Each structure stands twice: as C-alpha cells, then as structure tokens.
Amino acid sequence: MRARQAALPVLAVAAALVALWYAGAVALNWQVVAEGRARGGMPPDAWQTLAGTMSFARPLLPAPHQVAEEVWRTAFATPLTSRRSLLLHAWITLEAALAGLAIGVAAGVLVAAAIVHVRALQRSLMPWIIASQAIPVLALAPIVIVALGTLGLEGLLPKAIIAAYLCFFPVTIAMAKGLEAADPLARDLMRTYSASRAQVFWKLRLPASLPFLFASLKVAAAASVVGAIVAELPTGAQAGLGARLLAGSYFGQPLQIWAALVAAAVLSASLFGVLAATERLVARRMGMRA
Amino acid sequence: MITAGLALLVAAGFAVAIAAAHAGGGALLLPGLVVLVGLAAWLVQRLTRLGEGRGWRARAIALLAPLAFGAVLLALWEALVVGLAVPMVLLPAPSAIAARMAESAGLLAEDFVQTFLRAVLVGYALGGALGFLTALLVDRVPFLRRGLLPVANLVSALPVIGIAPIMVMWFGFDWPSKAAVVVVMTFFPMLVNTLAGLAAAGALERDLMRSYAATHAQTLRLLRLPAALPFVFTALKVNAPLALIGAIVAEFFGSPTVGMGFRITTEAGKLALDLVWAEIVVAAAAGSAFYGLVALAERAATFWHPSMRA
C-alpha cells in the first residue's frame, strides 16, 4: 500500500512529462511538416499535418514512440556486429566507463589513504585537489587523447583515463573524510589493544569508510559515463555513444541522437542501480542499518 | 628563520636547475632535482607544522604550505619538460604556455567573452533562477514534490551533456544553444537543493510562525527562505564548474569559429598544444574565480550559519 502511494505521484509526473513531450513534438514540428505539405502541393489539412508531426523522419523533436522505435530497431533488431547496432556502441562506451571507474576509484582510495596518514600531504595536497574541482576537467579530454595518441595509445585506454580522472576527485574527497570517520571510542579501543597502523586501517578505518565510499561511487559512476562519452567527441572516434551523438549532429539525424541519449541514460541508471544494490547488500552483511 | 633560509635555498636551487635545463645541461639534472624535491618536501612539512598554531601568523603560514607545494610542482614541471626535451605535443613547459598566452592574448579574450561572459553566465543565471522558482512552486504542491523529486534525482545522475547536439539543432550554432545546455545542467541541482533547503526550517520555528497567524508568504520570507539559503548556495557552488564544463563541451558539437571549446578541439587537432593549454589555464582561472566569488557571496549572506562560524 505504501509503495503504491509513493509510486502514484511519480507515475503522474512521468505521464505528464510524456504528454508534454507529445505536445512539444506537435508544436515544434508543425511548421516544418505544414511547409513540406504545401511544397508537395497537398491541401492544408490539420489532421494530416498532425499525423505528419508524429512520424516525421527528421523532426526537431521526435515523438516518444519514434524514439522508442528507433531504440528497439537499432538495439535489438540489428545484428550485434553491425556498425548500426546501438548495443555495440553502448558496450564500447560502457567498457571505457567501467575501466575508468576502476582506475579512478583505485587511485582515489590510495591517495585518500596517503592523505589520511601523512599530515603534510593533507595540508598541502588537499587544497589543490579541491581547487582542481573548479578546473573544467572535461576540457582536458582533447589534450589527453592527442598526447596519448602520439605515444601510440588509442582506443580504450585514453577514454578510460579521462573517465578515471573524473571519478578520482569525488572518491578521494569522500574517502579522505570517510577514513577519518571511525568512532573515536573505537579508535581508542584499538590503541588500548596496541593495534598497528595497518591493523587500524584494515579493521577500523576501511570498514567505517564504506558508506562514504558508496556515496562517492554513485557520483563517480555517473561521472565515468559522462567522461567516456565526452572522450569520444574530439577524436572523431568511430564508435561509442559519443561518436553516435556527434555523427547524428553532423548528418542531421535527430532520431540517432535521441536513441544514443536514451542508451546513455540507461547505462548511467543501471550503473547507479547496481551500485545501490551492492551498497544495500554490503550494509546488510556488515550488520548496518540500511 | 631556518625555514625562510631553506625556502630561499630551494627557490635558488630550482632557478639554477631550470636555467641549466634551458642551457642544455641535462646530465646533472636528475640527481639535482631529486635532492631539491627532498628539500622541498621537508620545507612543506615544516610549513605545515608551523601553520598549526593559532593567530594570524600561523594562518598566513598555513596558507603558504599549499602555495609552496604548487610552486614546487610548477618548477619541477618546467625543469623536467625542458631538461628531458619532452616534445610539446606531450606536455608543453609552463614557460612555453605563458609565452603563448602573452602572444595570443587577443584571441584568448575573444574566446573568453564568447564562452564565459555569454554562454556560461547567461545559462547559469537562467538555470539557477528557473530551478529556484520551480522549487518554490513545487513546495506549495506536495503531490508535485513527491512526484518530481525522484525524477529530478534521476536526471541528475544522467549524462545531461548529451543534449548538446539537440540544443544546437534548436537554437543554432551560436552561444544561445550553449547557454541552453547550461540551463538544463544547472536547473536540477538548484531544484533539488532548494527543495531540501525549504524543508530545513525547524518544526518549532514553524509552529511559532503559525501561532503568530503568519501567512504562507510571510513564513516563506521571514523563516523558510533564510533557512534555505545555505542549500541554495551549495547549488550555486556546485553549478559554477558545471556551467563552465557544459558550455565548453557543448562547443565540441559545433559552434561559430570562436569560443574556448571550439579552440580547444581545433587546436588540439592541429597539435598546437601550447594554445590548448593556454585556453585551459584561462578556463581554470575563470572557473576558480567564479567559484571563489560565489563562496565569498555565501560567506556574506549566510554568516550566521554554524558552518561559517567555525
């Protein structure tokens, strides 16, 4: 009953958004379709024009069912090996995002551990890490691609590095906080046991930081998909969702753009979902209140 | 005293190393740099320890530690890149970037006006204002709040930047399409944060307002909006770098022949990496200054909040 109560407003808002979308599709495409009909010598007919706005091949705003059709056609009705397969492009982007996420999280946790243990690093490095948040990291993407390209590195790795760079900051900052978040009482207890630094780290600091880790992982997962997509833009990459977006933009294929957008949204949302589920599982195994 | 002497020694050492690197004496460079970095690390550690006390002197020294760290990093970069003759495509030396910035100042200024003063500022202001007003509206209608908040949370996890080609299709190549991308990117953080802020006023204070028979508008103006201010500023701070990134990346999808994102992609394609780095420096400086201004405004507007009085 409570679940239904919570779902009702969300469904209502979602339905309203879809209705708005249809209205927008009619409004935005009306003029182009009407002009096309006039050029073709067809009499002005409101119903025919309305139908035209729903199935226009190059609409300013495609109707939702057109986008769904395009996604279905390119994802499931196209062989996986075809260059038109949406699943293939999504997989290429996901691969880079996951590799970047792994590298970025590992680096972030390591740096955070170093910062927590060396006080001079905390005072001198931390302000730079925070200040670097203000730098438009994504603008560095073309540089990384070009520089690594001259070293002969192409394909997955440059994209993964850009995604990793984006994941690094949220994880570092959250973990620097999380590794210090252990209960002072528990820390005192460890001291009375004369636990070594390593023991305190593995048995107290790391477990206590897990909620912070998962919170930052969700941010990092979204960032990794953005990083992978943007990394596919400046190189004229041949494959990946970013390349689909760019090609759709250059060749005026709105349906292709929207399909790539939907795929990117599904990627982000499912990464987020998997992480949230893992978090619940880990929390339950550790006996925390979920 | 020892610290000041040490700082001078390290600075002089790096100056000699950089001069030697420029003169082509790379053989002694690496062992010399290792010693210098060791000294510098010790210096930063000392500054850190001196900066831990109270009073204005300790605070000034605490500010020096990260600055010293940055200066060492910059000097090391220059010495290594010049000394090892790293090709410019891989990484230009800071001096080369600075020279390029002086040379192309006019070009950089044009790009800055196009991308930052037009797309970023307009989009940031519009997106923030729209998000704030929507939050006020949604707050009045509980049904909308329960329905819209999960949707807004979902959108903030999506790669919104992908809408850039659609905005280019709708608003053309020039800066309005970039501003539109920035509007969409900044709208949702502002909406979500303002809604959280409007819920932040204490129940006791709200009861007090009700017992005074205050109207909705009065409660909003006198109690709930001031209580929401720290949250609004959080959104403004989150949005500042977001807006810059959005505008630059949106230019990757097509733009007139001016703009920071346009310059970065085209010059990277031509392997003119010093100009690309110069744009990055401008972007970083603009981004930091923007963020700093918002943070200062926050300090002035929410000086009463516990997080500001620490």
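The values are calculated or read from the model by the stated rules, or taken from the named source; none is laboratory data. All of these numbers come straight from a predicted model, not from anything done at the bench. Methodologically, a virtual Cβ is constructed for each residue, glycine included, from the backbone with ideal geometry; neighbour enumeration extends over all protein chains shown. For the accessible areas, the whole protein counts, side chains as well, though only heavy atoms, and no ligand, DNA or RNA atoms are used. Shrake-Rupley method; radii C 1.70, N 1.55, O 1.52, S 1.80 Å.
For B:LYS237, the aspartates and glutamates whose Cα falls under 20 Å of its own Cα, not counting residues fewer than eight places away in the same chain, are B:GLU298. Summing both sides, the accessible surface hidden between B and A at a 1.4 Å probe radius is close to 4200 Å².
Calculated FRET efficiency, A:THR192 and A:SER270, Cβ-Cβ r, R0 51 Å, to nearest 0.05? Plugging the Cβ-Cβ distance into 1/(1 + (r/R0)^6) gives 0.65. Label-to-label distance for A:LYS203 and A:LEU50 is 7.4 nm, based on points extended 7 Å past Cα in the beta-carbon direction. Relative to the dominant Cα principal axis of chain B, helix B:55-83 is inclined by about 60°.
From most to least packed by mean Cβ count within 10 Å, the peptides B:184-192, A:222-230 give A:222-230, B:184-192.
For region A:86-285, the equivalent ellipsoid built from the Cα gyration tensor has semi-axes of 37, 19, 12 Å, listed from largest to smallest. Compared with the alpha-carbon gap, the fully stretched path from A:LEU17 to A:LEU281 is longer by 91.7 nm at 0.36 nm per residue. Protection proxy ranking for B:238-248, A:265-275, using the average of other Cβ atoms within 10 Å per residue and placing the highest first: B:238-248, A:265-275. Taking a ≥ b ≥ c as the square roots of the eigenvalues of the alpha-carbon gyration tensor, the protein assembly as shown is classed oblate because a/c is 1.5 or more while a/b is no larger than b/c. Could you tell me how many degrees, from 0 to 90 and to the nearest 10, lie between the Cα long axis of helix A:141-150 and the main elongation axis, the longest principal axis, of the Cα atoms of chain A? The helix A:141-150 is inclined about 80 degrees to chain A. Look at the stretch B:143-151: the mean tally of other chain Cβ atoms within 10 Å of its residues' Cβ atoms is 6. Cβ under 13 Å from B:GLY292's Cβ, B:GLY292 left aside: what net charge do those residues give with Lys, Arg +1 and Asp, Glu -1? That works out to +1. The mean number of partner chain beta-carbon atoms within 10 angstrom of a residue's beta-carbon across peptide A:140-153 is 5.
For helix B:2-23, report the angle its Cα long axis makes with the longest principal axis of the Cα atoms of chain B; keep it between 0 and 90° and round to the nearest 10°. Orientation of helix B:2-23: about 70 degrees from the principal axis.
Based on Cα contacts under 8 Å between residues 6+ apart, chain A shows a relative contact order of 21 percent. The label point for B:ALA85 and the one for B:LEU8, both projected 7 Å from the Cα toward the Cβ, are 3.7 nm apart. Packing order of peptides A:32-38, B:260-266, highest average first: B:260-266, A:32-38 (average count of other Cβ atoms within 10 Å over each peptide's residues). Once C-alpha pairs closer than 8 Å and six or more residues apart are averaged by separation and normalised to the residue number of region B:102-309, the relative contact order reads 27 percent. For peptide B:245-254, the mean count of partner chain Cβ atoms within 10 Å of a residue's Cβ comes to 5. For region B:2-86, with all protein chains present and a 1.4 Å probe, just round the carbon and sulfur fraction of the accessible area to a whole percent. Roughly 76 percent of what the probe reaches on region B:2-86 is carbon or sulfur. Global dimensions of region B:102-309 from alpha-carbon coordinates: Rg and Dmax equal 19.9, 70 Å. If you take all other residues with their beta carbon under 13 Å from the beta carbon of B:LEU126, and give Lys and Arg +1 and Asp and Glu -1, the sum is +2. As a fraction of the 1.4 Å probe accessible area of region A:1-141, surface on carbon and sulfur atoms comes out at 71 percent. Note on A:GLN238 and A:GLU35: the model spin-label points, each 7 Å out from Cα along the C-beta direction, lie 3.7 nm apart. Between A:PHE214, A:LEU110, A:PRO184, the Cα set farthest toward the positive side of the dipole of region A:86-285 (charges on each charged residue's Cβ, about the Cα centre) is that of A:PRO184.
Within the shell defined by Cβ-Cβ distances under 12 Å, the residues around A:ALA259 carry a net charge of +1, with Lys and Arg each +1 and Asp and Glu each -1. Accessible surface for region A:1-155, divided over its residues, is 55 Å² per residue with a 1.4 Å probe.
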